[in-house]
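The values are calculated or read from the model by the stated rules, or taken from the named source; none is laboratory data. Predicted model, so just to flag it, every value in this text is computed and none were measured. Here Cβ is always computed from backbone atoms with ideal geometry, including for glycine, and neighbour counts include all displayed protein chains. Heavy atoms of the whole protein, side chains included, go into the accessibility calculation; ligands, DNA and RNA do not. Shrake-Rupley method; radii C 1.70, N 1.55, O 1.52, S 1.80 Å.
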Amino acid sequence: MTPPPRAPFPKDLDELAPAPLAVKDALRGLRRKLSDVPPGLEAMPSDLLPLSPLALAARLIRETRKIAALGEDIARDVLLHHRDEARLAAFATSGFSKMAGKRDGSFRHDFAASRYAAAKVVLVRLGYPDAFLLEQPIDVSWRALWTRVRSKPRIQNTGDAVDYTIIAETALTLTKSGALAERNTPPTEPTLAQLTFATLGLAEAVLAHSPQPALETVIAALELSADVIGLRKSVISAIFSGFDPEAQLAAEYRLLAPPLAES
Amino acid sequence: MRVPMVPELNRESDLRHRIRDLRFFEESFRRNVTLTLAGESLTSKTDQARLRSSFLAWLETFHETRHLADIDRRDFICFSAGRMLAELVRYDPLSVAASKPDGEDKPNDWPVGAAYVSYCLGVAMSVMEQEFNFSTPLPNLANDPRVWQSFQENVRDNPDLAIPFLDLLLGQAPNWSEPALAEQRPAVKAKTNLAIEN
């Protein structure tokens, strides 16, 4: 009995959408593995040992590294047509606090791409430039948040001009997404994922007070937010391990965002 | 005791809101340090992380107590300035060193403390001038070395004692026993009791 012919495309386009992100994340993983190779091996002059397995391995690593770098460049520049600066510039307008009137597709792409680029800036500022960050889990978080936000009408009775609650919900969802590999931290210290995504939330809340922030304003907000979250590690740790972290984190954003916004 | 920032702070419109802006706070604090230590033969360095920590700690207590502004606005301005001074003393972001060898100039006994006090005093005086249109003259004790020595010794043990010290300089009734508790301030208690009696 012959199996039924396969459909040319998945029934749900959502299944197809993360494919480029999966390719990019796989290439990032490959590059990271290659960076763990002892530096002496890569630098070994293969001409001196033309037939040795070590020389072959050294050449293979060099070539694979080039292919991986090229592949990631292609994925970034050809598949997504976005460079880091453009991705960062979209950060302020691509959060769920600014979702009104946006089409799903572009909103989803901007959300994942800009949060990935912004998290890289934050990780550098926090002192972890080599932390391994994945983009696909951010995209998956978008789906979860989108479903939740659409299914429940948001009633705001706090009198805030900015919806700090949805920003906090986004930060908590991204923290749990697995986008950032956890490191061993003492129980009293916040994890790197908590610090990073709490910072993204604070930056989004800060930028919500600026009408049309320029790229420099976005970067300044990310860096200042990283500094401030870094100074409030004990508070962040208590929020994430405490009762109702969403409300607590929203309160923290409500307290900190206006004083950090450019006046 | 000099409060050199008052004219500049007075030119800021809506200072009571501006002071809650981290960038403005940092900028005006550094400017005050420059003005306060001018002619002192001292070099200064401000630790940004400590300065920001003091601001964030102050901001938290400001929001916790701001409802008391409805009871006595003037007293709340003095209390908020006192809290700012307490956090500056606690986090101690400023360090100074003599720029000339010992003996050439006699520096202020506690230049760091003078810079903290003159900043918070300047903010409180300017906000009160903008809010109530009157300027508060500094009392004579502001120049009494014994008061400064007492202040330095007390805040070393408990930085919150900076609050009643600033109250003295601003002519407000101090609360030495529970300085950090806004509800226990004499002005707040007096107005609350009055409201209950009525």
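Each Cα pair under 8 Å and six or more residues apart adds its separation to the average, and for segment B:16-135 the resulting relative contact order is 34 percent. When a 1.4 Å probe is rolled over the protein heavy atoms, the share of accessible surface on segment B:6-197 that falls to carbon and sulfur comes to 49 percent. Residues in segment A:190-198 carry Karplus couplings, in order, of x, 6, 5, 5, 4, 5, 5, 7, 5 Hz; the curve used is 6.51 cos²θ - 1.76 cosθ + 1.60 with θ = phi - 60°, and Gly or Pro positions show x. Under the definition of Cα pairs under 8 Å and six or more residues apart, what whole-number percent is the relative contact order of segment B:114-173? Relative contact order, segment B:114-173: 34 percent. For B:Leu42, the residues whose modelled amide H falls within less than 5 Å of its own, excluding neighbours fewer than 5 places apart on the same chain, are B:Ser99. In the full protein context, segment B:6-197 carries 48 Å² of accessible surface per residue, based on a 1.4 Å probe and ignoring ligands, DNA and RNA.
Our estimate of slack between A:Thr185 and A:Ser210, defined as 0.36 nm per intervening residue step minus the Cα-Cα distance, is 5.5 nm.
Derived scalar couplings between HN and Hα for segment A:53-69 equal x, 5, 5, 5, 4, 4, 5, 4, 5, 4, 5, 5, 4, 4, 5, 5, 5 Hz in order, rounded to whole Hz, by the Karplus curve 6.51 cos²θ - 1.76 cosθ + 1.60 (θ = phi - 60°), x for Gly and Pro. Label positions at B:Glu27 and A:Ala26, each projected 7 Å from the Cα along the C-beta direction, are separated by 5.1 nm.
Report the B-A buried area as the accessible area lost on both sides summed, probe 1.4 Å, in Å² to the nearest 100. Result for this pair: about 1200 Å² buried. Buried on complex formation within segment A:231-246 (loss of at least 30 square angstrom of accessible surface versus the isolated chain, 1.4 Å probe, ligands and nucleic acids ignored): A:Leu231, A:Arg232.
A rounded overall shape is assigned to segment A:102-238, the ratio a/c of its alpha-carbon gyration tensor axes (a ≥ b ≥ c) being less than 1.5.
Could you tell me which of rounded, prolate or oblate describes segment B:42-165, using a ≥ b ≥ c as the square roots of the eigenvalues of the alpha-carbon gyration tensor, with rounded for a/c under 1.5 and, failing that, prolate when a/b is larger than b/c and oblate otherwise?
Prolate, since a/c reaches 1.5 and a/b exceeds b/c.
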